1. Once amide H atoms are placed 1.01 Å from N in the peptide plane, what residues at a sequence separation of 5 or more from VAL459, or on another chain, have their amide H within under 5 Å of its amide H?
2. Measure nothing fancy, just the Cα-based angle from helix 121-140's long axis to the longest principal axis of the chain, in degrees from 0 to 90, nearest 10.
3. What's the exposure ranking of TYR75, TYR41, going from fewest to most Cβ atoms within 10 Å?
4. Karplus couplings for the stretch 451-463 from phi (6.51 cos²θ - 1.76 cosθ + 1.60, θ = phi - 60°), rounded to Hz, Gly and Pro as x?
5. Could you work out [θ]222 nm for the chain from helices alone, using -39500 (n - 2.57) per DSSP H run of at least four and dividing by all its residues? Round to the nearest 500 deg cm²/dmol.
6. May I ask you to evaluate 6.51 cos²θ - 1.76 cosθ + 1.60, the Karplus curve with θ = phi - 60°, for each residue of the stretch 193-202 and list the ³J(HN,Hα) values in order in whole Hz, giving x for glycine and proline?
7. Sorted from fewest to most neighbouring beta carbons within 10 Å, what does the list GLU326, GLU391, GLU273 look like?
8. 5 Å is the cut-off here: which amide hydrogens, built 1.01 Å from N in the peptide plane, fall below it relative to THR218, excluding neighbours closer than 5 in sequence?
Amino acid sequence: MTDADLRRQSIDTIRSLAMDAVQKANAGHPGTAMALAPLAYLIYTKHLRHNPADPAWPDRDRFVLSAGHAGMLQYAVLHLTGYDLSLEDLQQFRQWGSKTPGHPERGHTAGIEVTTGPLGQGISNAVGMAMAERFLGQRYNRPTHPVVDHRVYVIASDGDLMEGVSAESASLAGQFGLGKVIAFYDDNRITIDGSTEISFSVEDRAARYAAQGWHVQTVAAVEDLDALDEAIEAAKAVTDRPSLVVVRSHIAYPAPHATDTWKAHGAPLGKDEVAATKRLMGFDPEQSFVVPAGVYAHMGQRERGAALQAGWQERFAAWSAAFPAERADWDQVATGKPRPGLAEALPVFPAGEGVATRDAGKKIMQAFKGYVPTMIGGAADLVESTKTVFEGGGLFSSTHAGRNIPFGIREHAMGAIVNGLAAHGGIVKPYGSTFLVFSDYMRGAVRLSALMGLPVVWVWTHDSLGVGEDGPTHQPIEHVAVLRAIPNLWVIRPGDANEAAYAWKVALEREDGPVALILSRQKLATLDRTEVASAAGVERGGYVLWESAGTPELVLIGTGSELSLALDAGRALAAQGRAVRVVSLPCVELFAAQPQAYRDEVLPPAVRARIAVEAGITMGWHRWVGDAGDIVGVDRFGHSAPGDRVFAEYGFSVENVIARALALLERA
Ligand SMILES: Cc1ncc(C[n+]2csc(CCOP(=O)(O)OP(=O)(O)O)c2C)c(N)n1
Ligand SMILES: [Mg+2]
């Protein structure tokens, strides 16, 4: 068999595995996996610098299948190139407990870098990965000793390019000149609802990317391996701009009836069409999951991968010997933890002074920045407002990988890029920030950060009615509650500057998922911790802040800007002879994770008169106040006026909280 025959047979094996797996599962997306088999084959066997035996090798090239629905394409290639993914695993495609879920999932399957499926995310994650590569390369590489030097390959579909998030991230990739990004756009002119003639034919995609600063090439046929190869080599040679290769393909090729039909996107081809396609490709139509002799040997990458990694290991060893301090830093960063001493370095804020938690955050960041030297991030054009910055850290640009990323007004891409920074590894830990009200604009990425368990920080400021004059468009009402609804996302709304310091500590120390910090625009009284409990209670999610003498008959629960309101009301009620406890509950998720005994200690089940005070929708609070409790919240939109006035009008006053408490005590 000639080499060309082997290539052809290998590519057809990918197609046949994709058809078979989808057919067996009776669900999935065969068409694009089949059509793009030549591209995936060429990337994985020739260009991608990877080692199937060690998918976590730090300097490997990254590969992202942004068109996650074509997951079988990647599974088939991972199997054939030697990853820990067996033929049986492919046969279990989309089944309970299998290594081959319906869309690729990070941490679940060897060789999958990020979870994809929500279109537009993967290609945006790739931008973050390339930024991580740039930052770490600048930090660690020394002349003649490159230890961070790898590319990020992406396959994207029409949907990826249609989704706005990809336009935002492409704009940033162009701005920063991320030459390590090589993206392939599958120009198959078809989506689920039919031809792109109806929805995506006027826009010139190649021109759009060129206008965004990308190096753009076109390959007329994905079947033309030589042309593809040439384009990839040219893309590699362009190092000052990201590359897009527009590749014309025909969905489900070479299926005789399904090719170029939208039906082939998301449904099995059917037994007859699978058989007909196999006949065309010279495969036995009676058999499934067949890998012809010679294909494993031809596609296997363990040998090439081991050699590539060994070469790097040698450079790394030489670098380690020449630069022991850098190596020690590398090892510390590789732990994923802040440097020792972080807790002691956090500032303690004096009582009395009013400090907005966003301002406290700025001070806290300066205090800890040396303990997380590879932490980078930024705001969506709101540094002046969210106060998130590493002073002296420099800006991230096309010429310098500073610690402060100017994301511009691109919340959604910021979310996906921060996820990419985290997924790359070595960035401990990335963050993104904007107004809380615009967390909606990045929610798709935030959800994925939680699903992937990425250790990232979302910093959202201007957290309630306290935003004031900007009015209802800028006053987040339902946001904290709907963020709490995302599993595995910890949402912390600190009640004063010292709680903010502990909130940051929790965020920096969490390793298995994202943490959201909800900070205030307006000043909050810094509580006198000699009179109330230590803010360290934040680490348990909730704690008894203060209580009057005697067994409590009433519990007031506060978060964020409403904490001191709850405290003031509690003290006033105590002065009237009531036995009152005030609980700070800045992080519901952490509190819920505490042992029942601790939770009962803080919120004694016997005390049924409980009031929660939070300037947001009441949804979710019933769990903590119980069916006999009450909630001072906001179940309508806000209002344009000075913040104090809006708070007062909406019932966030000591008088109202006292009145509601007394009414509750009457009822209970
Ligand atoms: C954000 C998002 N919206 C919708 C979907 C559902 N969906 C999956 S694939 C797809 C479009 C398919 O067209 P294309 O992206 O061109 O992929 P192809 O069928 O050509 O492989 C859609 C709408 C999704 N996965 N993500
Ligand atoms: Mg398409």
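1. Long-range HN contacts for VAL459: GLY432, SER433, THR434, LEU517.
2. Result, in degrees: 80.
3. Taking fewest neighbouring Cβ atoms as first place, the list is TYR41, TYR75.
4. With coefficients 6.51, -1.76 and 1.60, one gets 5, 7, x, 7, x, 10, 10, 9, 10, 10, 10, 6, 8 Hz.
5. The per-residue figure over the chain is -12000 deg cm²/dmol.
6. Values, residue by residue: 7, x, 5, 6, 4, 8, 9, 7, 10, 7 Hz.
7. On the way: GLU326 17, GLU391 10, GLU273 21.
Ordered from fewest to most neighbouring Cβ atoms within 10 Å, GLU326, GLU391, GLU273 come out as GLU391, GLU326, GLU273.
8. Under 5 Å from the amide H of THR218: VAL246.
Rule-based calculations on the coordinates, nothing more; no lab input. Note that this is a predicted model, so its numbers are computed, not measured. Cβ coordinates were reconstructed from backbone atoms using ideal geometry, including for glycine residues, and neighbour counts include every protein chain displayed.
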